[in-house]
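Here is the structure we will look at.
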Amino acid sequence: MSHLFDHNGAPGKGYAQPKPLLDGSELSLPDNLVRKSLPRWPRLSEPEMVRHYTWLSKRNYGIDTGFYPLGSCTMKHNPRVNEVIAQLPGIADIHPHQPEHQIQGLLSIYYEMQEMLSVCAGMDAVTLQPVAGAQGEFTAVRCFQEYFRHRGEHQRTKVIVPDSAHGTNPASAAMAGFEIIEIPSKVDGRIDLDALRAVVGEDTAAMMITNPNTLGLFEHDIAEASELVHGVGGLMYYDGANFNAILGRTSPGLMGFDAVHYNLHKTFSQPHGGGGPGSGPIGVKQHLAPFLPTPIVSRREAIESEQEQAVDEFWYTWHEPEHTIGKVQQWHGNAGAIIRCWAYYRRYGKELRTMSEHAVLNANYLRHAIHREAKSAGVDHMFVDGAETVVAKHEVTLSLAPAKESLGISAMDVAKGLLDMGYMAPTVYFPLVVPECMMIEPTETESKDTLDTFAEDFAKVLQVDAETLHNAPITTPVRRVDEVYAARNLCLHHPFDE
Amino acid sequence: MVDQLPNLGREKEMLQEMGFDSIDALFADVPVGVRMNEDLPLPEAQSEEELLADAKRLLGSNVALGDKVSFLGAGLYRNFVPSCVFQLITRGEFLTSYTPYQPEVSQGMLQAMWEFQSLISELISMPVTNLSLYDGSTAAAEAITCAVRVHNRKAEQKNTVYISELTPPDRCSVIYNYCQGAGIEIKKLKHHENGLIDLDDVANAAGSCAVYVEQPNPLGIIDGGYPALKEIIGEHTALIVAIQPISLGLVEAPGNYGADIVVGEGQPLGSPITAGGPIYGIFGCTKDYLRLMPGRIVGRSIDVDGKEAYCLTLSTREQHIRRHRATSNICTNETLIALMGAMHMSLLGPEGLEELAIRNMAACTYAKQKLSSIEGLSIVHQHQSHFNEFAIEVPDTGKNCLTFLEDKGIIGGFDLSWWYPDQSNRLLLTFTDQTSGQDIEQLATELQSWVNEVVA
């Protein structure tokens, strides 16, 4: 083990700093605010620090390490040129308060991203400000709220969410002050139009839904659902978590949605770095555009005096929407993530559609290969598809309920068994409508060979006896971690000698 | 031609094995009425070489702060971050990992984040911290809603919080958006003409849910009145203090003068400004707020063999379990940027932090000395202690002053009329460890010649 706080060498050996412009004794602070004792931080030299973090990195699994089939998280390859671009001083060393004429290049990229995202989703206007998918959801429902207040429709206090939705949907709408109406899904996780019909009314503000749904199935009744909600004057919200499945094949606009958030880090690849950063722009139809957060980028033809600083024939400016809800992040969103996603998009251009097709091809092929290998190994009785379907979209679900019933092998056991085979485990126990659920999303990144090998290894795990699987993993840096112990014996920072 | 897809050219083989004749068959479940029938109206795919050329042309046309002499800060600070931070952060095992839902193969990031919590806890003197929120503004907003959840039941002024009137409008707007859903009313606390908080006015906040102030305040002032705040507002009103983390190498940690929640913009430690994101929000609190706080937390635990191990803990507060009753909707946070912060902190060590704080404050103090000799220009709060920045009043509009300086190759600071519309002749000037004595002397010279021009 390497512990950061075990390093306690000589003061100031981490890195030498230039002399200050004045001596510390020439600085004055209010007497009652002079820090009495410095933080008890460790002291490391650069060689020690580099070794510590390299050691830690080796105890972590990323897409670069291997297959990362974590359903709903769209873990695709991050092209390294994106990292090179994001470190250029023209983005890394830019201040959001710099005047427009100093950042025409950046504004032009923002504009291009707004336009591209609008086109892909069939929306009319886009803000890049929200910094995560959940914040995008929150931003959109805030826009809905102001839209209804503007129209005097104060009675619209309810947001409808299917029970299979991501937890962020109800959490975001509740944060904005809406009451949540959860409706049950059908057994295949699809929307139950009767259940929807029973709850819509003049108090409906919106319905939040993702399509394909969390089981990876396309909601074929989506246009009808939109009609139902619009019929009572409500708005339709598209959770873009699964947008990678449909780009260029259909769009939220075509399905009747009024607003959408994009998980740029999923659909367009911003390395997720252990849980963030992300980026969660939203797109809206024209009637909601005046309520978007401020500012967004607009453009006009450049005049002669601007031509020296212009990057093309246009002049790009910040624009405040007429009835803006204001800000959801203090600056201009996660600009660094937006630049990486711009770079990612540019590598595909109009062939973004091919990207989505390959994501869907891979998911369907993997489902096929898993069944094929399980059958040939004689373990196909241990699981069933999470939902019966001819085709899936970007992800597939399996239910390990048969294995649990007959052998006591749970989805979690299989997940831990896969860790021992050198994989990241799929998402387990989500969505809740599938018992002993395992949710697998290969993305377009994986080769046929990887998918075939994974399917073989999956079948191998199912051949392992229950007791061995209960004890898995055994090859990882630690074995099963006691989460109950962690919660009962809270240790949230280095204890020193307390 | 697209080059990122390993199965290009193998589509047919894969489809045939599944018994499909075309990719279209995989989308047969999309109803005809909602299908996109035309190609996306987007340009052709670019090679890496073409992309790089475009990126360099477009981003290269921006004026980077380092291209000029810059005094622009106002909430984000240009500090030196050692090279090894940037090198280590590109380790694919860190860079390309997701939220550590499988702790057995995520020990590296989990331990690194537990160490981050430990470093921040020590820095701000708080027993509990999370793995980061989006930025300083959302951290402030989440702190306020958290305080209301904890205190509202017993509060005399229900659903009411008080924030400093100096809080920049952009940050206020974020706070408002986060608070309005819970029906929280935001009232303002007055500051004296000398920039310090009006402690008599603070007395009005007693019995409310929370008081929010910033140290240094938005005008760079270190306010010696803050240690009196907690006693004035009382035990049942949360004291929330937002900090600039580097300042805590010299300035007392808010946890040691009564703060209940400490938030802040983490960016100065470990991260470039990057046009305002991704950066990271710091959030720390006392144990009273633990069960109702936002964001992910790592706990130290053991594995089945009793071996030291780390995992996410207290997840029942979070959206994926508690859904609409969660303490926040946050899911994705800024872990990778927080990791850069942890790396920077671990190289600094305690004495390095103090040295860095001295360098930042020294640059600011040196500038104050130089600029105070310019006739016709005044330093607004001359007699206060400043960290990183201070306001000046100029004999014409701040805007005109900035235009003049720009012609001389200087990004002259922040026009305070953006925040406070009646202050069109004030600028906020920022000095960090990246400001040289020569930069300041050049600024003083150019300001003097501008003042001469304007006054004449």
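The values are calculated or read from the model by the stated rules, or taken from the named source; none is laboratory data. It should be emphasised that the depicted structure is a prediction, and the values quoted were computed from it without experimental measurement. Cβ placement follows ideal geometry from the backbone for every residue including glycine, while neighbour counts extend to all protein chains displayed.
Under 6 Å between Cβ atoms, at least 6 apart or on separate chains: pull out the pairs that start in the stretch A:450-473 with a residue that is surrounded by fewer than 18 Cβ atoms within 10 Å (Cβ to Cβ) and end on any residue that is modelled with pLDDT of 95 or more and among the β-branched types (V, I, T).
Hits for this filter: A:Q463/A:V379; A:A466/A:I409.
Would you mention how many residues in the stretch B:313-341 are among the hydrophobic types (A, V, I, L, M, F, W, C) and more than 8 Å from every other protein chain (Cβ to nearest Cβ)?
Going through the stretch B:313-341 one residue at a time, the tally reaches 2.
Quick one: how many residues across the stretch B:2-14 are at the interface with chain A (Cβ under 7 Å from one of its Cβ atoms) and outside any loop (DSSP other than H, G, I, E, B)?
2
Hey, A:V433 hits all of (1) of a type in the set (A, V, I, L, M, F, W, C); (2) touching a Lys or Arg at 6+ places or on another chain (Cβ under 9 Å); (3) over 18 Å from A:G216 (Cα atoms) but one; which does it fall short on?
(3)
Can you confirm whether B:P278 is touching a residue at least 40 places away in the same chain (Cβ under 8 Å), in contact with an Asp or Glu (Cβ under 6 Å, 6 or more places away or on another chain) and at the interface with another protein chain (Cβ under 7 Å from one of its Cβ atoms)?
yes
Taking into account only those residues within the stretch A:421-434 that are surrounded by 21 or more Cβ atoms within 10 Å (Cβ to Cβ) and over 17 Å from B:Y98 (Cβ atoms), which is farthest from the other protein chains (Cβ to nearest Cβ)?
A:V434
Quick one: what pairs do we get from the stretch B:354-365, first residue more than 7 Å from chain A (Cβ to nearest Cβ), second in a helix (DSSP H, G or I) and of a type in the set (S, T, Y), C-beta under 7 Å, 6+ apart or different chains?
B:A357/B:S247
It is to be established whether one or more residues within the stretch A:99-112 are within 7 Å of chain B (Cβ to nearest Cβ), free of Cβ contacts under 8 Å to residues at least 12 places away in the same chain and surrounded by 23 or more Cβ atoms within 10 Å (Cβ to Cβ).
Yes, the stretch A:99-112 has at least one match.
How about the stretch B:52-75: which of its residues are under 13 Å from B:G409 (Cβ atoms) and more than 7 Å from chain A (Cβ to nearest Cβ)?
Listed by number, the residues that qualify are B:D67, B:K68, B:V69, B:S70, B:F71.
Restricting to the stretch A:269-290, give me the number of residues that are more than 8 Å from chain B (Cβ to nearest Cβ) and modelled with pLDDT under 95.
Number satisfying all stated conditions: 2.
Where in the stretch A:433-490 are the helices (runs of 4 or more DSSP H), entirely inside, with at least 3 residues that are of a type in the set (D, E, K, R)?
Counting at least 3 such residues, we get A:448-462.
Of (1) in a loop (DSSP other than H, G, I, E, B); (2) without any contact (Cβ under 8 Å) to a residue 24 or more places away in the chain; (3) closer than 29 Å to A:Q330 by Cβ, B:P41 satisfies all except one. Which?
Of the numbered conditions (1) in a loop (DSSP other than H, G, I, E, B); (2) without any contact (Cβ under 8 Å) to a residue 24 or more places away in the chain; (3) closer than 29 Å to A:Q330 by Cβ, the odd one out for B:P41 is (3).
Yes or no: the stretch A:349-372 includes at least one residue that is of a type in the set (S, T, N, Q) and surrounded by fewer than 18 Cβ atoms within 10 Å (Cβ to Cβ).
no
Quick check on B:S121: is it at the interface with chain A (Cβ under 7 Å from one of its Cβ atoms), surrounded by fewer than 24 Cβ atoms within 10 Å (Cβ to Cβ) and more than 28 Å from A:Y344 (Cα to Cα)?
yes
Residues of the stretch A:400-415 being in a loop (DSSP other than H, G, I, E, B) and surrounded by 16 or more Cβ atoms within 10 Å (Cβ to Cβ), which ones?
A:L400, A:I409, A:S410
Restricting to the stretch B:93-120, count the residues that are of a type in the set (G, A, S) and assigned to a helix (DSSP H, G or I).
3
Considering only the stretch A:58-142, give the helices (runs of 4 or more DSSP H) lying wholly within it that have at least 2 residues that are assigned by TED's automatic domain parsing to the domain that holds A:H272 and among the hydroxyl-bearing types (S, T, Y).
Here the list reads A:104-121.
Going through the stretch B:159-197 one residue at a time, which ones are in a helix (DSSP H, G or I), over 21 Å from the mean Cα position of the chain (by Cα) and β-branched (V, I, T)?
none
Residues of the stretch B:297-311 being more than 7 Å from chain A (Cβ to nearest Cβ) and crowded, with 24+ Cβ neighbours inside 10 Å, which ones?
B:V298, B:Y310
So, of the residues in the stretch B:227-242 that are assigned to a helix (DSSP H, G or I) and of a type outside the set (A, V, I, L, M), which turns out to be surrounded by the most Cβ atoms within 10 Å (Cβ to Cβ)?
Result: B:K230.
If only one of A:A173, A:A206, A:A140, A:A132 is over 18 Å from B:Y176 (Cα atoms), touching a His at 6+ places or on another chain (Cβ under 9 Å), modelled with pLDDT of 95 or more and surrounded by 19 or more Cβ atoms within 10 Å (Cβ to Cβ), which one is it?
Of A:A173, A:A206, A:A140, A:A132, the one residue that is over 18 Å from B:Y176 (Cα atoms), touching a His at 6+ places or on another chain (Cβ under 9 Å), modelled with pLDDT of 95 or more and surrounded by 19 or more Cβ atoms within 10 Å (Cβ to Cβ) is A:A132.
Condition check ((1) within 24 Å of B:R57 (Cα to Cα); (2) more than 24 Å from the chain's Cα centre (by Cα)) across all residues:
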site	(1), (2)
A:V284	no, no
A:E304	yes, yes
A:Q307	yes, yes
A:H323	no, yes
A:R340	yes, no
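Restricting to the stretch A:1-49, what's the tally of residues that are free of Cβ contacts under 8 Å to residues at least 12 places away in the same chain, within 24 Å of B:M109 (Cβ to Cβ) and at the interface with chain B (Cβ under 7 Å from one of its Cβ atoms)?
Counting residues in the stretch A:1-49 that are free of Cβ contacts under 8 Å to residues at least 12 places away in the same chain, within 24 Å of B:M109 (Cβ to Cβ) and at the interface with chain B (Cβ under 7 Å from one of its Cβ atoms) gives 3.
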